[in-house]
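Step one of this worksheet: look at the structure below.
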Amino acid sequence: MANQTIFMTGANGYIGSRITEFAIAEGYNVVGLSRSETSDQKLKSLGASFVRGDLFSYDVLREQSAKADIVIHLADALAQNMDQPYSKVVEIDNKVVDAITDGLKGSNKTFLVTSGTLVTGADPNHGETNETSPLWSEPLNDRIGCETYALKQASKGIRVIALRLAPYVYGRGGSGVRLFMSFGAQAGELAYVDDGSVKTTTVHVDDAARAYLLAIKKGRAGEAYNLSYETDVSAKELYEAMGKVLDLPVKSRPAADAKATMGEFLARFISTENRASNAKAKAELGWEPREKKIIDDILNGSYVEVAKSLKKPAA
């Protein structure tokens with residue numbers, strides 16, 4: 001790994017910044033795709049270098065991929081425009097993959113792409129699922145389209161590996177937990193759907209970042225790996241923890257009401273069962289998640305300060 005260069009999209013983001021920091025600590029050089037001076041400065045503060053461009057800078061993507069030893073694709077086109085249909089996100093992502101793999105073809109270099117454990121449906125008996133489980137017949141989005149397209153690029157002589165992130169990537173006071181806490185603070189209450197008994201999958205951002213680096217060393221070409229920690233946390237437990245740290249009431253909301261008030265996507269997200277096993281990542285990558293579990297992090301960890309910042313001052 002000494003003096004090997006990683007080119008990364010999303011290198012200054014929530015997960016990417018942790019990968020960047022850990023990679024540099026291991027001796028890699030990191031070059032991040034940067035859209036702004038603010039991103040430039042963040043990458044420099046992490047010890048990385050940068051190249052200016054975005055997901056439409058195909059020449060930059062192609063050139064930097066050809067120069068690098070490893071490419072990690074983390075940037076999500078949806079985050080840049082939440083109003084666009086997901087079919088457009090898939091189209092944009094596939095073109096990014098085309099540009100990157102044009103730079104990598106025939107090299108057998110490593111190309112890591114990002115997916116999610118929600119691409120598979122829940123087990124009918126409420127057990128854990130794995131990377132070969134049936135795909136979800138009514139998915140929240142078509143993320144599997146991006147994953148499938150990227151993995152097919154292995155035919156170009158590239159070592160393509162997909163990392164499937166848990167629905168709840170948490171830690172360091174960020175991501176979805178912070179977003180849901182913000183919604184609750186604005187509304188003056190938090191609500192889960194129906195009885196809140198559905199179980200979901202979590203992973204700490206630091207553990208996820210370490211898994212990306214392990215996949216560089218040990219991942220098998222053409223394979224997907226679930227990056228999951230806990231698979232038995234219920235929506236009710238999550239929302240009650242957020243309510244406790246925010247000093248806000250927590251209630252149950254019928255599915256129809258939840259869709260009307262939260263929107264269909266969010267209501268389905270927090271009421272969808274997802275129990276994705278990490279057995280493959282542990283066995284093949286040697287990955288061992290070790291950070292705080294999500295409820296502990298909400299009640300006693302990084303989200304305590306988030307809660308303090310969100311609480312409205314007393315009248």
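The values are calculated or read from the model by the stated rules, or taken from the named source; none is laboratory data. Keep in mind the model is a prediction, meaning the values are calculated, not measured. With ideal geometry, Cβ positions are generated from the backbone for all residues, glycine too; neighbour counts draw on all protein chains shown.
Couple of notes before you dig in:
- Within segment 265-310, the set of residues being assigned to a loop (DSSP other than H, G, I, E, B), more than 25 Å from GLY121 (Cα to Cα) and out of contact with any Lys or Arg (no Cβ under 7 Å at 6 or more places or on another chain) comprises ARG290, GLU291, LYS292.
- All helices (runs of 4 or more DSSP H) inside segment 22-134 with 2 or more residues being polar (S, T, N, Q) and either modelled with pLDDT of 95 or more or on the phi < 0 side of the Ramachandran plot (or both): 37-46, 58-67, 86-104
- The one condition in (1) in a helix (DSSP H, G or I); (2) surrounded by fewer than 13 Cβ atoms within 10 Å (Cβ to Cβ) that ASP257 fails to fulfil: (2)
- Flag for ALA162 being buried (at least 17 other Cβ atoms within 10 Å of the Cβ), outside the structural domain of SER271 (by TED's automatic domain parsing) and not aromatic (Phe, Trp, Tyr): yes
- Residue within segment 166-179 that is closer than 18 Å to SER133 by Cβ and either buried (at least 20 other Cβ atoms within 10 Å of the Cβ) or free of Cβ contacts under 8 Å to residues at least 40 places away in the same chain (or both) present: yes
- Here is the figure for segment 107-135: residues that are in contact with a Phe, Trp or Tyr (Cβ under 9 Å, 6 or more places away or on another chain), under 15 Å from ALA221 (Cα atoms) and surrounded by fewer than 20 Cβ atoms within 10 Å (Cβ to Cβ) total 1.
The rows are residues; the columns are (1) hydrophobic (A, V, I, L, M, F, W, C); (2) within 19 Å of ALA185 (Cα to Cα); (3) outside the structural domain of LEU118 (by TED's automatic domain parsing); (4) surrounded by fewer than 14 Cβ atoms within 10 Å (Cβ to Cβ).
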position	(1), (2), (3), (4)
LEU213	yes, no, no, no
ILE216	yes, no, no, no
PHE265	yes, no, yes, yes
PHE269	yes, no, yes, no
LYS280	no, no, yes, no
LEU285	yes, no, yes, no
ILE298	yes, yes, yes, no
TYR303	no, yes, yes, no
VAL306	yes, yes, yes, no
